[in-house]
1. For the stretch 159-168, enumerate the residues that are in contact (Cβ under 8 Å) with a residue 12 or more places away in the chain, of a type outside the set (Gly, Ala, Ser) and farther than 19 Å from GLY118 by Cβ.
2. Hey, could you check the stretch 140-162 for residues that are modelled with pLDDT of 95 or more and hydrophobic (A, V, I, L, M, F, W, C) and say which is least open to solvent (accessible area, probe 1.4 Å)?
3. Please name all residue pairs, on different chains or six or more residues apart, with Cβ atoms under 6 Å, provided the first residue is in the stretch 87-102 and is within 10 Å of ASN129 (Cβ to Cβ) and the second residue is aromatic (Phe, Trp, Tyr).
4. In the stretch 228-259, which residues are of a type in the set (S, T, N, Q) and at pLDDT 95 or above?
5. Pick out the one residue from LEU250, LEU229, LEU240, LEU257 that is open to solvent by 30 Å² or more (accessible area, probe 1.4 Å) and under 25 Å from VAL120 (Cα atoms).
6. Quick check on the stretch 206-226: of everything there that is among the hydrophobic types (A, V, I, L, M, F, W, C) and surrounded by fewer than 20 Cβ atoms within 10 Å (Cβ to Cβ), which residue is farthest from the chain's Cα centre (by Cα)?
7. Go through (1) part of a strand (DSSP E or B); (2) in contact (Cβ under 8 Å) with a residue 40 or more places away in the chain; (3) of a type outside the set (Ser, Thr, Tyr) for PHE75 and report which single condition fails.
Amino acid sequence: MTYKQLLIGIVCVTGTLAATAQEVNYKVDMVGIGSTNILDTYISPEKYSGTELRFLSQSHRQWIKHPAWNSQSTFSVSFQEAAQRADNSNELGGLITVAHAIRHAWQPKDTWRIEAGGQVEGGVGFLYNTRNTNNPAQARAYLHVGPDVMSSWRFPLFRKQSLLRYELSAPLLGLMFSPNYGQSYYEIFSRGNYDHNIVPTTPICAPSLRQQLTLDVTTKRFTFRIGYLGDYQQAEVNKLKYHTYSHMLLLGLVRPLSR
């Protein structure tokens, strides 16, 4: 079974589409800045709080032969700098993610549109503690699939065409890399001692959620986007706990795409 067949299999909504290509074929580049809270007990039992900067690029396309279906591809790069309460050590983090969603859409009203389907997402990154001499860094790698939904509402705002959009995704099944409790990276990579380092994940051990609320305002020449991103990623595997909670302001520019 291909990943596309798996995503189609978890689609939970069917219907018809009555929207124009201009509404569903677009690309948006956004920059986000906000707060982050990090915990990684492999490196430190302390929670670190600080700032995150993120770049996101999304492309959304309606399928030509099956207009009730569409796909969305997302690429993001994030950088984090955080400190603990005593302010005597810092953590630096980075993450690259790639996601692809397939959704079915319908339009209950001319101004209201709903999409629902599934998404596959993969990510690689790192976390580095500036104070630690033993276990100073942690690698991140994961792959998961889960449901993905979006709702949008078109309305005039200050005599400008505007679009309010809410997106929600959550991992359902996946795999992630993690050292085991007390295991060093030297054991994993130099000596080749595997110890359950590829871990299956479910909402029980890795309850995570990402939501995004944005407003698009169209002028004569441009469509601007402003919004909020809440990204809550966490896991407890191999007797280790991880979390990254991010709250970010988004600013971006939306461009139409040809069919």
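The values are calculated or read from the model by the stated rules, or taken from the named source; none is laboratory data. Please read all numbers here as calculations on a predicted model, not as lab measurements. Positions of Cβ are backbone-derived with ideal geometry, glycine not excepted, and every protein chain shown enters the neighbour counts. Note: accessible area is taken over every heavy atom of the protein model, side chains too, but ligands, DNA and RNA are not part of it. Shrake-Rupley method; radii C 1.70, N 1.55, O 1.52, S 1.80 Å.
1. Going through the stretch 159-168, the residues in contact (Cβ under 8 Å) with a residue 12 or more places away in the chain turn out to be 160-168.
With of a type outside the set (Gly, Ala, Ser) added as a condition, the list becomes 160-161, 163-168.
LYS160, GLN161, LEU163, LEU164 - these are the residues of the stretch 159-168 that are in contact (Cβ under 8 Å) with a residue 12 or more places away in the chain, of a type outside the set (Gly, Ala, Ser) and farther than 19 Å from GLY118 by Cβ.
2. MET150
3. Matching pairs, first to second residue: GLU91/TYR48; LEU92/TYR128.
4. GLN233, GLN234, ASN238, THR244, SER246
5. Numbers: LEU250 fails: open to solvent by 30 Å² or more (accessible area, probe 1.4 Å); LEU229 fails: open to solvent by 30 Å² or more (accessible area, probe 1.4 Å); LEU240 fails: open to solvent by 30 Å² or more (accessible area, probe 1.4 Å).
Answer to the check: LEU257.
6. As a first pass, look at the stretch 206-226 and keep what is among the hydrophobic types (A, V, I, L, M, F, W, C): 206, 209, 213, 215, 217, 222, 224, 226.
Next, only the ones that are surrounded by fewer than 20 Cβ atoms within 10 Å (Cβ to Cβ) stay: 209, 213, 215, 217, 222, 224, 226.
Numbers: LEU209: 8, LEU213: 13, LEU215: 18, VAL217: 23, PHE222: 26, PHE224: 21, ILE226: 17 Å.
This residue is PHE222.
7. (2)
Residue-wise test of (1) touching a residue at least 24 places away in the same chain (Cβ under 8 Å); (2) assigned to a loop (DSSP other than H, G, I, E, B); (3) among the small types (Gly, Ala, Ser).
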site	(1), (2), (3)
PHE189	no, no, no
PRO207	yes, yes, no
ARG225	yes, no, no
GLU236	yes, no, no
LYS241	yes, no, no
